[in-house]
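Notes follow the structure.
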Amino acid sequence: MIIPEHLLEKYNSPVPRYTSYPPANYFTDELTESQYIEAVKDSNSRNPKNISIYIHIPFCKKLCFYCGCNALPLATMEAMENYVTALKEEIKMVAAMIDKDRKVSQIHYGGGTPNVLPVEWIAEINELVYSLFKLVDQPEIAIECNPAHLSFDYIDQLKKAGFNRFSIGIQDFNKDILKTVNRDPSELPVGDLLQKIKSGSEHIAVNLDFIYGLPGQTVESFLDSIQKAVSIRPDRLVTFSYAHVPWVKKAQKVLDKIGLPTSELKMKMFSESHDFLLASGYKSIGLDHYVLESDELYQALLSKSLHRNFQGYCTRQTTGQVYAFGVSSISQLEKGYAQNIKSVKGYIESINSGHLPIEKGYMLSDNEIIVREVINQLMCNMHIHWQELADRLNISQTAVKNAITYDSAELKKFEEDGILKFTEKGLDITESGTLFIRNVAASFDPLTNTQSKQFSKPV
């Protein structure tokens, strides 16, 4: 993939990542606990009917300088046990408000580093979820893992607890680069970990995650990491663009002092790894995911039915409204979002006092629900079919375009720059336009066009 430098210069301006709409920095502290309770009850009559559960484990043995997540230094065993106890209580509180006929299609553990917890505690959380909810056949039960803290025995215990998808945060195979960003490398060969995870079951899948744009990385070094990843053939492979937001994450200021790759180098890391992955038999999903041809995400992309939530891409068959538990976690209901308290102390105190630990959130207007559907469809499927969108929302094409900032002149500029092409019934993002899909999405966004917020750059 060749990206002309003049396009990089023109479009490499800060825009939202659109992992949600509106983005999380639009959340306010006006959302109350009682409003969230009503939203949970209301969600029982909304679509999708399926339930996705997100569980946040914030603790890390080391804090990586690049991290944009809500992560905390490893606490004492007693403090972490108190946290897990509160988390289980929160699950019980919310489960009591959810229709018992609805089924869980996804469970996802994120962090932080979920695999710093004793595996017995994680198994107990899963058992609680299994006891409180019905599950669909073969739900996706996923966990994010730092390979520096994975052993074969730990993997065996996770598999016994029901996990069938493992997301391994490699970030880079170069140990010097990992040392620069304060991350430990894998204790065991990653290929051996992958084989261990997948042994004994054809229904267990492995993702390997990488970040490009870290200090010390070059086009050659990053491509070397991707080549090593392809040689062990993970089911999915992710290349995240490092999001530099030091005004939010103060630890990232360390990387400013060390020095970051230029946007031009980042673009080359993206394009060369992209081309190599496609040549190696992987299929591109969204902006940064790659899957094998048999993967359900690729089949969903072919039918233009790919979807996503905060935890990543999914099919419309497996996704659900997201009920999130733990500090800083964000529930994604059809009518809005609710984010939990970010401090462990405040979170536990709220639960122990019998209150849900809601800190802030956002309730969507009817127009914003339309905008969300348009942006999700674009970001996931690189495609807009106006009539299909209108039919899904049970409104007219005119109503869809009136809800967003539809500017034909602006879209024409994107077309002239080769970022999109118009079709008879909508528009498609071109292969070379993939890198700037967030810019196209932002052009549809009334909030971006009327309010000032700080975001990371596309590259």
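General observations
- Put in line by how crowded their Cβ is, counting other Cβ atoms within 10 Å and starting with the fewest, F436, F240 read F240, F436.
- Phi angles of the range 340-354 translate, via the Karplus equation with coefficients 6.51, -1.76, 1.60 and θ = phi - 60°, into HN-Hα couplings of 7, 3, 8, 8, 4, 4, x, 4, 5, 4, 5, 5, 5, 8, x Hz per residue; Gly and Pro are given as x.
- Remark: the range 425-442, residue by residue, has Karplus-estimated 3J(HN,Hα) of 10, x, 7, 10, 7, 7, 4, 6, x, 3, 5, 10, 5, 5, 5, 5, 4, 5 Hz, where x stands for each Gly or Pro and the curve is 6.51 cos²θ - 1.76 cosθ + 1.60 at θ = phi - 60°.
- Gyration tensor verdict on the range 223-371 (Cα atoms; rounded if a/c is under 1.5, prolate if a/b is larger than b/c, oblate otherwise): oblate
- Whole-percent pair-distance distribution, where bins are 10 Å wide, for the alpha carbons of the range 92-234: 10, 37, 30, 16, 6, 0
- Normalising the average separation of contacting C-alpha pairs (under 8 angstrom, six or more residues apart) by the number of residues puts the relative contact order of the range 179-292 at 30 percent.
- Residues whose amide H lies under 5 Å from that of I285, counting only those 5 or more places away or on a different chain, are Y290, V291; hydrogens are built 1.01 Å from N in the peptide plane.
- Amide proton proximity set for I107, modelled H, under 5 Å, gap of 5+: I53, E140, I141, A142
- The mean sequence separation of alpha-carbon pairs under 8 Å and at least six residues apart, normalised by the residue count of the range 274-361, gives a relative contact order of 14 percent.
- Under 5 Å between amide hydrogens, built in the peptide plane, is the criterion, and for K360 it picks out Q339 among residues at least 5 positions away or on other chains.
- Spatially close Lys pairs in the range 281-367, defined by Cα atoms under 30 Å apart and a spacing of eight or more places or different chains, total 6.
- Cα centroid separation - the range 1-54 against the range 88-118, whole Å: 20 Å
- Note on the chain: Kirkwood radius taken over Cα pairs, Stokes-Einstein applied at 10 °C and 1.306 mPa s, translational D equal to 70 µm² s⁻¹.
- Karplus (6.51, -1.76, 1.60) ³J(HN,Hα), θ = phi - 60°, over the range 283-291, in Hz, Gly and Pro reported as x: 10, 7, 10, x, 8, 9, 9, 9, 9
- Structure-based [θ]222 nm, the chain - -39500 (n - 2.57) summed over DSSP H runs of at least 4, per residue, nearest 500: -11500 deg cm²/dmol
- Set of lysines with alpha-carbon distance to K61 below 16 Å, sequence-local pairs under 8 removed: K179
- Considering only alpha-carbon pairs that sit under 8 angstrom and 6 or more positions apart, the relative contact order computed for the chain is 21 percent.
- Highest average packing first - 183-195, 165-177, 49-61, 408-420, Cβ atoms within 10 Å: 49-61, 165-177, 183-195, 408-420
- Counting DSSP beta bridges with both ends in the chain, the antiparallel % (nearest 5): 45 percent
Only the coordinates and a few stated rules stand behind these numbers; no lab work does. Note that the coordinates shown come from a computational prediction; the quantities given were computed from them, not determined experimentally. FYI the Cβ positions are ideal-geometry reconstructions off the backbone, even for glycines, and counts take in every protein chain you see.
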